[in-house]
Amino acid sequence: MTSATQPEKMPSAEAGRIPLVSRAAGQPTTIVAVGEVRFGAEKVVVIGGPCAVENPDQIRTIAQEVAAAGGSMLRGGAWKPRTNPYAFQGLGRQGLEMLAAARQASGLPFVTEVLDPRDVAVAAEVADMLQIGSRNVQNFPLLREVGASGKPVLLKRGMMTTIDEWLNAAEYILAAGSRDVVFCERGIRTFETALRNTLDLGAIAVLRERTHLPIVVDPSHAAGSRKYVPTLARAAVAAGADGLLIETHNNPDLALSDGEQSLTPAEFAELTTSCRAIARAVGRDL
Ligand code: PEP
Ligand code: MN
């Protein structure tokens, strides 16, 4: 019997192969549906929202602003992976409830990160999509747990993860029973320190060839500074991304995490307008 934590026995000939993730010759891009949102279809999906859920008013207000500005999905962390153990760690289950209320008020489905396999079931009951963050891309028990949760998964690239390791991580999720994984490039660590990370747009071209699954780009965690986000977002759409993940906050200066890279709702609206023009130029819409 297969469980979320017990791997299925594989014939040895399968070892090293990633049959579920790989694109077969002529295979079209798989469309991953999250409510009415469709990753991999003609329309580029824009996910907006704060790094962390901070209180009910904050997440509801931002959700409504994101919806009004053309965003089609909400994000917000209830559990936050923080470098420092004394930094704000998120509101946990209460944060999930606030996200559900914001969904109700805005009509937007939401994605939220899970850090702990023990929280996957409770998150899956409420969330529309589960996020695996960069720091957990090779947390194999967690990958199996989300793969068995029945929810679509947004799989961030690790800051030190090769494309091959990232593809294998997605295979873990599919091998646990899921059919719905969306890759999210968010920048990798290089020698360059002028930006928080180096956005690897080449990864879009490689993934497009190697996998049938959709690809989203998160320019916020790559840039680390809001002034660079629109440029990276436009480049991602031009390179064929199926979606964007943009950290957005109604008061970035007071944000409890990642305020420096968060756009205001007005900046978010400008970004969607400029990215729409690029999307149309490359045969998509937004
Ligand atoms: C986030 O999305 O807020 C986050 C923590 O991202 P990453 O895992 O890419 O650092
Ligand atoms: Mn963040």
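Going by what's in this entry, would residue 72 be described as small (Gly, Ala, Ser), at pLDDT 95 or above and crowded, with 23+ Cβ neighbours inside 10 Å? Here the answer is yes, as residue 72 does meet what is asked. Name the single residue, out of those in segment 51-67 being of a type outside the set (D, E, K, R) and open to solvent by 60 Å² or more (accessible area, probe 1.4 Å), that is farthest from residue 89 (Cα to Cα). Per the criteria, the residue is 64.
Figure legend. Inter-residue proximity from segment 177-203: first residues more than 15 Å from ligand 1 (Cβ to nearest atom) and acidic (Asp, Glu), second residues open to solvent by less than 30 Å² (accessible area, probe 1.4 Å) and in a loop (DSSP other than H, G, I, E, B), beta-carbon distance below 9 Å, spacing 6+ or different chains. Indicated pairs: 180/152; 180/213.
For segment 80-106, the tally of residues that are hydrophobic (A, V, I, L, M, F, W, C), within 17 Å of residue 48 (Cα to Cα) and open to solvent by less than 40 Å² (accessible area, probe 1.4 Å) stands at 5.
Yes/no matrix, rows are residues, columns are (1) within 12 Å of ligand 2 (Cβ to nearest atom); (2) under 30 Å from residue 55 (Cβ atoms); (3) touching an Asp or Glu at 6+ places or on another chain (Cβ under 8 Å):
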| site | (1), (2), (3) |
| --- | --- |
| 206 | no, no, no |
| 216 | no, yes, yes |
| 223 | yes, yes, no |
| 232 | no, yes, no |
| 258 | yes, yes, yes |
| 271 | no, yes, no |
| 285 | no, no, yes |
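Yes/no per residue for (1) modelled with pLDDT of 95 or more; (2) more than 18 Å from the chain's Cα centre (by Cα); (3) farther than 25 Å from residue 145 by Cβ:
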| position | (1), (2), (3) |
| --- | --- |
| 49 | yes, no, no |
| 63 | yes, no, yes |
| 67 | yes, no, yes |
| 80 | yes, no, no |
| 93 | yes, yes, no |
| 99 | yes, no, no |
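Filtered by the rule that a residue be within 17 Å of residue 217 (Cα to Cα), surrounded by fewer than 22 Cβ atoms within 10 Å (Cβ to Cβ) and among the aliphatic types (A, V, I, L, M), segment 140-160 gives 159, 160. Taking segment 27-49 as the range and being touching a strand residue (DSSP E or B) at 6+ places or on another chain (Cβ under 7 Å) and closer than 19 Å to residue 132 by Cβ as the test, the residues that pass are 32, 34, 37, 39, 40, 45, 47, 49. Checking the structure you have, find out if any residue of segment 128-139 is more than 16 Å from ligand 1 (Cβ to nearest atom), at pLDDT 95 or above and either open to solvent by 10 Å² or more (accessible area, probe 1.4 Å) or in contact with an Asp or Glu (Cβ under 6 Å, 6 or more places away or on another chain) (or both). Checked segment 128-139: no residue is more than 16 Å from ligand 1 (Cβ to nearest atom), at pLDDT 95 or above and either open to solvent by 10 Å² or more (accessible area, probe 1.4 Å) or in contact with an Asp or Glu (Cβ under 6 Å, 6 or more places away or on another chain) (or both).
The values are calculated or read from the model by the stated rules, or taken from the named source; none is laboratory data. Quick caveat: nothing in here was measured; it's all calculated off a predicted structure. For neighbour counting, all protein chains shown are included, and Cβ atoms are generated from backbone atoms with ideal geometry for every residue, glycine included. To get the accessible areas, we keep the full protein, side chains included, count just its heavy atoms, and leave off ligands, DNA and RNA. Shrake-Rupley method; radii C 1.70, N 1.55, O 1.52, S 1.80 Å.
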